[in-house]
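To start, the structure under review is shown below, and the notes come after it.
The values are calculated or read from the model by the stated rules, or taken from the named source; none is laboratory data. Small disclaimer: the values here were computed from a predicted structure and weren't measured. Don't worry about glycine lacking a Cβ; one is built from the backbone with ideal geometry, like all the others, and counts go over all protein chains shown. Note: accessible area is taken over every heavy atom of the protein model, side chains too, but ligands, DNA and RNA are not part of it. Shrake-Rupley method; radii C 1.70, N 1.55, O 1.52, S 1.80 Å.
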Amino acid sequence: MSAPRLADVVRILENRYPPGSAESWDAVGLVAGDPQAPVHRVLFAVDPVADVVDEALAWDADLVVTHHPLLLRGVHSVAATTFKGALVHRLVRAGCGLFAAHTNADAANDGVADALAQVLGLVDLAPLVPAVPGAPTGTGRVGRLAEPTTLRGLAQRAADATPATEQGVRFAGDPEARVERVAVVGGSGDGFFDAVRDSGVDAYVTADLRHHPVSELRERAEFEGVRDGRPATPYLVDLAHFASEWPWLDAAARALEADLGAQGTTVETRVSVRRTDPWTGRVARRD
């Protein structure tokens, strides 16, 4: 089979992750690249950082697909005197395109939320916050474990299914509490606590959880649990942001190959092996 043009790959990606479903503040789609250029190799990564560009160019990739946008905020220059401009220049000189699928990939079927739910073993999935009432797409997913586990067991499952990071996996709640119904949101998720509570899940898996929202949610859960004689749910499992979104990469790569193959073209895909979580170490107190 022949190689597709970049324009063909972009069309396939935008069909999977419609730009119109991205949040109004987001910046998604093609960042760099010649639409008429052939695409033989596509690298998938969470972050458009120098380390990923190094990997892409060493592999002779023709396109890098990232979850996070490179140019999320408005810019007036991509001169190589800036760190983001320098990345754009390196990609252009090498003939390598850059494409971002961010909040549109979060909400899509087989997107970031679905991928995180699936590696945790959740079934019977539905959106946590539907795009419109009754829609099959939207922010996050709610599902159930085929076999209930404990909060500690769920946290361990999350750790085993995602890349290791310096943060590791934290949880809040009784380690031995029973968990069956679970909500997930890839990336920063404490803005969805109201929806999580309304969903009635036992636990919520997400990333970037902050002290005050977590403290208030858990205090409320404990208070209401004692008052009503029920478990103090929802419990929380907190991943590193990068780790929570990483499972989507393999799913997106396989989907692109399948979609192009159905149209008689083919690409070679690869999931980046670079850990782009920015934290590089941690220390414990010496007693």
Spot the failing condition for residue 24; the list is (1) among the small types (Gly, Ala, Ser); (2) touching a residue at least 40 places away in the same chain (Cβ under 8 Å); (3) open to solvent by 10 Å² or more (accessible area, probe 1.4 Å), and only one is missed.
(2)
Taking the conditions exactly as written (open to solvent by 60 Å² or more (accessible area, probe 1.4 Å), basic (Lys, Arg) and part of a loop (DSSP other than H, G, I, E, B)), does residue 270 satisfy them or not?
no
Subset of the range 38-47 (residues that are surrounded by 18 or more Cβ atoms within 10 Å (Cβ to Cβ) and more than 19 Å from the chain's Cα centre (by Cα)):
39
Considering only residues that are open to solvent by 60 Å² or more (accessible area, probe 1.4 Å), out of contact with any helix residue (DSSP H, G or I) (no Cβ under 9 Å at 6 or more places or on another chain) and in contact (Cβ under 8 Å) with a residue 12 or more places away in the chain, which ones fall in the range 74-107?
84, 92
Quickly run through the range 124-169 and pick out the residues that are open to solvent by 20 Å² or more (accessible area, probe 1.4 Å), over 18 Å from the mean Cα position of the chain (by Cα) and within 14 Å of residue 237 (Cβ to Cβ).
149, 150, 152, 153, 156
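Only one of 79, 27 is touching a Gly at 6+ places or on another chain (Cβ under 7 Å) and either in a helix (DSSP H, G or I) or among the hydrophobic types (A, V, I, L, M, F, W, C) (or both); which?
Values: 27 fails: touching a Gly at 6+ places or on another chain (Cβ under 7 Å).
From the options 79, 27, the qualifying one is 79.
So that you can scan it fast, the table gives a plain yes or no per residue for (1) surrounded by fewer than 17 Cβ atoms within 10 Å (Cβ to Cβ); (2) modelled with pLDDT of 95 or more; (3) in contact with a Leu (Cβ under 9 Å, 6 or more places away or on another chain):
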| site | (1), (2), (3) |
| --- | --- |
| 1 | yes, no, yes |
| 6 | no, yes, yes |
| 13 | no, yes, yes |
| 17 | no, yes, no |
| 28 | no, yes, no |
| 36 | yes, yes, yes |
Would you please name the residue that is surrounded by the most Cβ atoms within 10 Å (Cβ to Cβ), looking only at residues in the range 170-198 that are basic (Lys, Arg) and touching a Pro at 6+ places or on another chain (Cβ under 7 Å)?
197
Quick one: residue 236 ticks every box in (1) open to solvent by less than 10 Å² (accessible area, probe 1.4 Å); (2) over 16 Å from residue 191 (Cα atoms) bar one, so which box is it?
(2)
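Residue-by-condition table, conditions (1) part of a loop (DSSP other than H, G, I, E, B); (2) farther than 28 Å from residue 104 by Cβ:
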residue: 219; (1), (2): no, yes
residue: 223; (1), (2): no, yes
residue: 252; (1), (2): no, no
residue: 257; (1), (2): no, no
residue: 283; (1), (2): yes, yes
residue: 287; (1), (2): yes, yes
